[in-house]
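*Asks:* So that we are looking at the same thing, I have put the structure below in structure tokens.
The numbers here are math on the coordinates, done by the rules we state, and not lab data. Predicted model only: the values in this text are computed from it and were never measured. Note that we place each Cβ from the backbone using ideal geometry, even for glycine, and neighbour counts take in every protein chain shown.
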Amino acid sequence: MGIIFSVLFYAASVLFVVALGRRIFKYATTPAPLVIPTTPAPMTWLGVIGRMLREVVFFESLFKGNKWTWLFGWLFHFGMLIVLVEHLRYVSEPVWFWVASIQWLGPYGGMAMFVGLAGLWVRRLVVDRVRYISVLSDHLMLGLMVAIVGSGLVMVYVFPTDIVMVKSFMLGLIKFDWQPLPSDPPVVVHLVLTLVLMIIFPFSKLLHAPGVFFSPTRNMRDNPRERRHTTGWRSDAHPEK
Amino acid sequence: MTKPDFETPELTLTQDVPAVQPGAMEHSKPFVAKAAHQEALGFPGELVDNWKEVALDKMSDLLKTYRSLPVFLDSCVKCGACTDKCHYYLGTGDPKNMPVARQDLLRSVYRRYFTVAGKFLPKLVGAKDLTEEVLEDWYKYYHQCSECRRCSVYCPYGIDTAEITMAGREILASVGIGQKYSNEIIGKVHKIGNNLGLPKPALADTLDGLEEEVKEDIGVDVKFPLDQSGADVLVIVPSADFFAEPHVDGLIGYAKVFHQSGISWTLSSYASEAANFGIFVGNYENMQKVAERIRTAAMELGVKRIVVGECGHAWRVAYSFWNTLIGPFDFLDPKFPIPQHVCEFTNDLLSQHILRLDAEANDDKIVTFHDSCNVSRGSRMGNQPGGQFIIPRQLLRAACNNFVDMSPETTHEHTFCCGGGGGLLTDDLLELRVKGASPRMNALQRVIEDEGVTHMAAICAICKSQFSKVLPFYGMGMDMIVSLHQLVGDALVLDNGH
């Protein structure tokens, strides 16, 4: 059990890093030929950093767009942030103090994720416009996340698993000293689905995570008169005059 | 007016979101460009035999040259925030007019041919083969988007459907299916210098007529100089300003401002067009070629500055793209913004007290302002973000004692397109234009009822033409729409006391 999972973990991690890295490389190296920030837009890099922070921390544009989607989306993502930090205790020894200090928040983070996902899924099913634009993968993605969060919460509240053993497995992965893993169904489901998530991440709409940082309508400065922007095309269609 | 074969939406005052009505606008598509109009722009005259291959090659090409495309096509999570933001969806209920669904027309093909998931599991991720039906849908629905960028304001990833529409149209044109209206117009600019195909003698004649008209009207010798070498300022206006109503009153307004400022200016017969439909068809080379005429004219006339008249997309191209397309402008005076919007120009003169406005001249009006989409979300005026909202309002407040704004969810960055932008200002799309105008008409109707608004000012030639056409469908007078510089010109105190 431990060995199979160890191999799967390495494979999924390599795929995740390589495929995601390639995608990010593609975004970073494709030119943005014209100045296209959605205006009003900041005129300086500092302003762009502020806009981007508001976008990824507060979901500023989504807030303007739809309050319900914003609420559920924000609950889900910030629940996830808490849970990810909380989970760092499985890979740190001794546990970093800032990770230890938020352990009590973990279950609430999980619940926030659950509520967020449920709300988003209900919208997807109930609002006719959102139902129209949804395809199977949109529902499966929500199902996958619900199952990961659900199995996690089940371990917290219903069938506790041997987390000391889980931690030694995780630390073993890092140190290349493979250890066994508990075989309780919740932990197996939780980990298998997390691996699935890592594998599909670079090939799915989860690319919105790196994508937002490369969005030219959000990361460009509004200064075309002050500074000449060039297309960045290798064979520039217009020679310098 | 002949009776239209569609129903004008009811004005509801508050903007309701319609239920999804699949296929509601499936019948709407503009005339296809003839071979001559295609070829003049460097596109094939008719659908090429290997269109599928050509289309996919073009898509591959665009994915490598515009970062917006891979980022936007990958990032959408189908959250639905944009679904009730497009004026064409609000006006028609056709789900393919929801921005995300419009993007999906291209995204589904992108997924099928350019992503791992779509190659192996097309059904799962909504990937589709590129078929003639898909091409047909592209043609219909990429000509039901006015590239106004309203959706991009609300998207958590800033996905701008205008970028997708431009790519879609460019691919279509590249396989031989261009839009007649836009391509014919671009061809005229390449050949003659303006969208109307107005040659120099006709233009000179028109301007002479305007001089006489103004002289008769107010007794002042306001000049409309053409091809005047050595003038300080080259003024580039949309050619509709030369004779369309209410545009021409705006042109008269600019001329009065220049007259009173004492700054020498000229129009150019070679570059007699501010509009640049190259942006609408999404083609860089054509956009550049259209813009190039202005650089050439400015150099030949030896001007020091370029001022751009009231035209929304033209201002986006001028402000955001000119420096890239036809810069650097090292031959112009760096003390002034390059290019400068005529509203910035007038506003500067007002703040320096070089001009004086007597707002009483417009006391017979209660005025509101329609923010043009391209100015609002694709450009700036002045030296701070949002100046594009502040400066026109400053001018209107200076020129009119009675100014009121429409409701805030329909102005500033939230403004609605007039319904005729993006190369859709053609009578073969009249139903779309009327229906797409309904969100603006709702907001207008509200200030008419609540505030007694009599006029709506605009700073865009397309907005002005579109509103003149569609206002009557909503039971409003076509002369409600006015040029901002008409109001300025009417309030301007000239030397002789007018």
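*Asks:* Tell me the angle of helix B:99-114 to the major Cα principal axis of chain B, expressed in degrees between 0 and 90 and rounded to the nearest ten.
*Replies:* 50
*Asks:* Averaged across B:317-324, how many Cβ atoms of other chains sit within 10 Å of each residue's Cβ atom?
*Replies:* 6
*Asks:* Based on the mean of other Cβ atoms within 10 Å per residue, sort peptides B:178-186, A:107-115 so the most packed one is first.
*Replies:* So the peptides B:178-186, A:107-115, ranked by packing, come out B:178-186, A:107-115.
*Asks:* What does the net charge come to around B:GLY309 if you take all other residues with beta carbon closer than 15 Å to its beta carbon, with K and R at +1 and D and E at -1?
*Replies:* Numbers: positive: B:LYS256, B:ARG305, B:ARG316, B:LYS464; negative: B:ASP241, B:ASP249, B:GLU273, B:GLU310, B:GLU344.
Net local charge, B:GLY309 excluded: -1.
*Asks:* Would you tell me the mean number of C-beta atoms belonging to other protein chains that fall within 10 Å of each C-beta in A:182-190, as a whole number? Please report the intermediate quantities before stating the final value.
*Replies:* Working: counts 0, 0, 0, 0, 0, 0, 0, 0, 0.
Mean partner-chain Cβ count within 10 Å for A:182-190: 0.
*Asks:* Calculate the FRET efficiency for B:LYS64 and B:VAL17 from the Cβ-Cβ distance with a Förster distance of 45 Å, rounded to the nearest 0.05.
*Replies:* 0.75
*Asks:* Could you tell me which of rounded, prolate or oblate describes the stretch B:424-493, using a ≥ b ≥ c as the square roots of the eigenvalues of the alpha-carbon gyration tensor, with rounded for a/c under 1.5 and, failing that, prolate when a/b is larger than b/c and oblate otherwise?
*Replies:* The shape class here is oblate.
*Asks:* By average Cβ neighbour count within 10 Å, what is the ranking of B:141-152, A:140-151, A:18-29 from highest down?
*Replies:* Result, highest mean Cβ count within 10 Å first: B:141-152, A:140-151, A:18-29.
*Asks:* Mind running the shape call on the stretch B:35-186? Use the C-alpha gyration tensor, a ≥ b ≥ c as the square roots of the eigenvalues: rounded below 1.5 for a/c, prolate if a/b tops b/c, oblate otherwise.
*Replies:* Here the stretch B:35-186 falls in the oblate category.
*Asks:* Expressed as an acute angle from 0 to 90° and rounded to the nearest 10, what is the orientation of the C-alpha long axis of helix B:461-470 relative to the principal long axis of chain B?
*Replies:* 80
*Asks:* Could you tell me which of rounded, prolate or oblate describes the stretch B:1-117, using a ≥ b ≥ c as the square roots of the eigenvalues of the alpha-carbon gyration tensor, with rounded for a/c under 1.5 and, failing that, prolate when a/b is larger than b/c and oblate otherwise?
*Replies:* In terms of gyration-tensor shape, oblate.
*Asks:* Please report the net charge: other residues with Cβ closer than 10 Å to the Cβ of B:VAL470, K and R +1, D and E -1.
*Replies:* Working: positive: B:ARG433, B:LYS435, B:ARG440, B:LYS469; negative: none.
With Lys, Arg at +1 and Asp, Glu at -1, the neighbours total +4.
*Asks:* I've got another one for you. For A:LEU171 and A:VAL57, compute 0.36 nm times the residue count separating them, minus their Cα-Cα distance, and round to one decimal in nm.
*Replies:* 38.0 nm
*Asks:* Then there is this: Enter the angle in degrees (range 0 to 90, nearest 10) between the Cα long axis of helix B:180-191 and the first principal axis of the Cα atoms of chain B, meaning the one along which they spread out most.
*Replies:* 50
*Asks:* Follow-up. Net charge around A:PRO180, counting only other residues with Cβ within less than 15 Å of its Cβ (Lys, Arg = +1; Asp, Glu = -1)? Intermediate results must be reported in sequence, preceding the final value.
*Replies:* Details: positive: A:LYS167, A:LYS175; negative: A:ASP162, A:ASP177, A:ASP184.
With Lys, Arg at +1 and Asp, Glu at -1, the net is -1.
*Asks:* Suppose each label sits 7 Å from its Cα in the direction of the beta carbon; what would the A:ALA28-A:GLU93 distance come out to in nanometres?
*Replies:* 3.3
*Asks:* Checking the cross-link filter: which aspartates and glutamates have an alpha carbon closer than 12 Å to that of A:LYS167, excluding same-chain neighbours under 8 positions apart?
*Replies:* A:GLU93
*Asks:* Here's something else I'd like to know. Suppose a student asked you for the relative contact order of chain A, using Cα pairs under 8 Å spaced at least 6 residues apart; what percent would you report?
*Replies:* 37 percent.
*Asks:* Multiply the residue separation of B:SER407 and B:GLU26 by 0.36 nm, subtract the distance between their alpha-carbon atoms, and state the gained length in nm to one decimal.
*Replies:* 134.0 nm
*Asks:* Arranged from highest to lowest average of other beta-carbon atoms within 10 Å per residue, in what order do the peptides A:3-16, B:33-46 appear? Could you put the intermediate results ahead of the total?
*Replies:* Details: A:3-16: 14.5, B:33-46: 18.2.
With the highest mean Cβ count within 10 Å placed first, the list reads B:33-46, A:3-16.
*Asks:* List the cysteines of the protein assembly as shown that have no other Cys Cβ closer than 4.7 Å: which are they?
*Replies:* Those would be B:CYS76, B:CYS79, B:CYS86, B:CYS145, B:CYS155, B:CYS311, B:CYS343, B:CYS400, since no other cysteine Cβ in the protein assembly as shown comes under 4.7 Å of theirs.
*Asks:* Straight-line reach from B:LYS365: which lysines have a Cα under 19 Å away, not including same-chain ones fewer than 8 places off?
*Replies:* Partners found: B:LYS464.
*Asks:* Here is a follow-up. Over 24 Å between Cα atoms, which of B:LYS64/B:LYS140; B:LYS96/B:LYS180; A:LYS67/A:LYS205; B:LYS52/B:LYS188; B:LYS34/B:LYS188 qualify?
*Replies:* Values: B:LYS64/B:LYS140 26 Å; B:LYS96/B:LYS180 22 Å; A:LYS67/A:LYS205 22 Å; B:LYS52/B:LYS188 30 Å; B:LYS34/B:LYS188 14 Å.
In this structure, B:LYS64/B:LYS140; B:LYS52/B:LYS188 lie more than 24 Å apart at Cα.
*Asks:* Another question, then. Let me know the charge dipole size of the stretch B:247-369 about its Cα centre in debye, to the nearest 20, where only the beta-carbon of Lys, Arg (+1) and Asp, Glu (-1) is charged.
*Replies:* Rounded to the nearest 20 debye, it is 320 debye.
*Asks:* Next question, about the same structure. Helix-derived [θ] at 222 nm for chain B: sum -39500 (n - 2.57) over DSSP H runs of at least 4, divide by residue count, nearest 500? The partial results should precede the final answer.
*Replies:* Numbers: 23 runs with 231 residues, N = 498.
Value at 222 nm, helices only: -13500 deg cm²/dmol.
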